[in-house]
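Just so you know, all these numbers are worked out from the coordinates, no wet-lab data involved. Just so it is clear, the structure is predicted and the values come from calculations on it, not from any experiment. Don't worry about glycine lacking a Cβ; one is built from the backbone with ideal geometry, like all the others, and counts go over all protein chains shown.
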Amino acid sequence: MVTLGIIGVVAAMTMPSLINDMQNREKTARLKKFYSAMSQAVILSEQYNGPAGDWEKGTAERDEDGVLIDTPDNSISFFKKYFAPYIKVLSIDKTGSDRAFATFADGSVVYFTFGNCLDLLFDTNGNKKPNAEGKDRFRFLFCTNDYNESYIGKNKYFGTYVQDTTISHGREYTKNVCKNNPPYCSTLLLLDDWEFKKDYPF
């Protein structure tokens, strides 16, 4: 009985760690797959639609404060033209709150909307919790010539959030920025080959 009790205690202590490790490995695999598929889609799309930096985003609308307003139909139209033919998605739709998204066969989802760039929020497990950036949601950007150098880097059009500028400061800086500003966590993961290291903030 004592032995069984000890085994039970050890199992209770190690199970959460094992489950977390398994979930992180699954997130790593899905992030790698998404990043690779989107990068490849840009290359394939350029062969038909011309240089990515020149792709047409449609007419931008702004509110009275000058803030960009995106309509999901605009985002969906752009995604269908430039990405959907070159990346496998089950469906492209919009939520009840009019947010555009695409669903992949493995259950992951990418939400997308236009600001200065096409802002892509990749959710590794779809609608399952926690639905929190830096935990199961990770930010990517597609930018044309007007903003790509500011947000991704010279001659780059798809990537993680402010990747070149952030990476230039080193990993420790990137980790601290991720901790305080979760959109940057995708850049930390890019540095770490999409692996969730022991010091990953979330």
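Compared with the alpha-carbon gap, the fully stretched path from Ser36 to Glu64 is longer by 6.2 nm at 0.36 nm per residue.
Under 20 Å of direct C-alpha separation, and excluding same-chain neighbours fewer than eight residues apart, Lys156 reaches these aspartates and glutamates: Glu46, Asp54, Glu56, Asp119, Asp146, Asp164, Asp192, Asp193. Basic side chains Lys and Arg get +1 at the Cβ, acidic Asp and Glu get -1 at the Cβ, and with that the dipole of the chain about its Cα centre reaches some 780 debye. With Cα extents along the principal axes in Å in mind, check [x] 67, 41, 39; [y] 49, 34, 27; [z] 72, 38, 38 and report the label derived from this structure. Working out Cα extents along the principal axes in Å from the coordinates points to [z]. Positive end of the dipole of the stretch 83-195 (Cβ unit charges, origin at the Cα centre): among Leu120, Tyr151, Gln163, the Cα lying farthest that way belongs to Leu120.
Partners of Lys81 within straight-line reach, counting lysines whose Cα lies under 18 Å from its Cα and excluding those fewer than 8 residues away in the same chain: Lys57, Lys94. Each residue of the stretch 144-156 is assigned a 3J(HN,Hα), and the resulting list reads 8, 4, 6, 9, 4, 5, 6, 9, 10, x, 4, 6, 10 Hz, derived from the Karplus form 6.51 cos²θ - 1.76 cosθ + 1.60 (θ = phi - 60°), x at Gly and Pro.
The separation of the stretch 163-189 from the stretch 82-156, counted between C-alpha centres, amounts to 19 Å. Model label points for Thr95 and Asn155, set 7 angstrom from Cα along the Cα-to-Cβ axis, are 3.8 nm apart.
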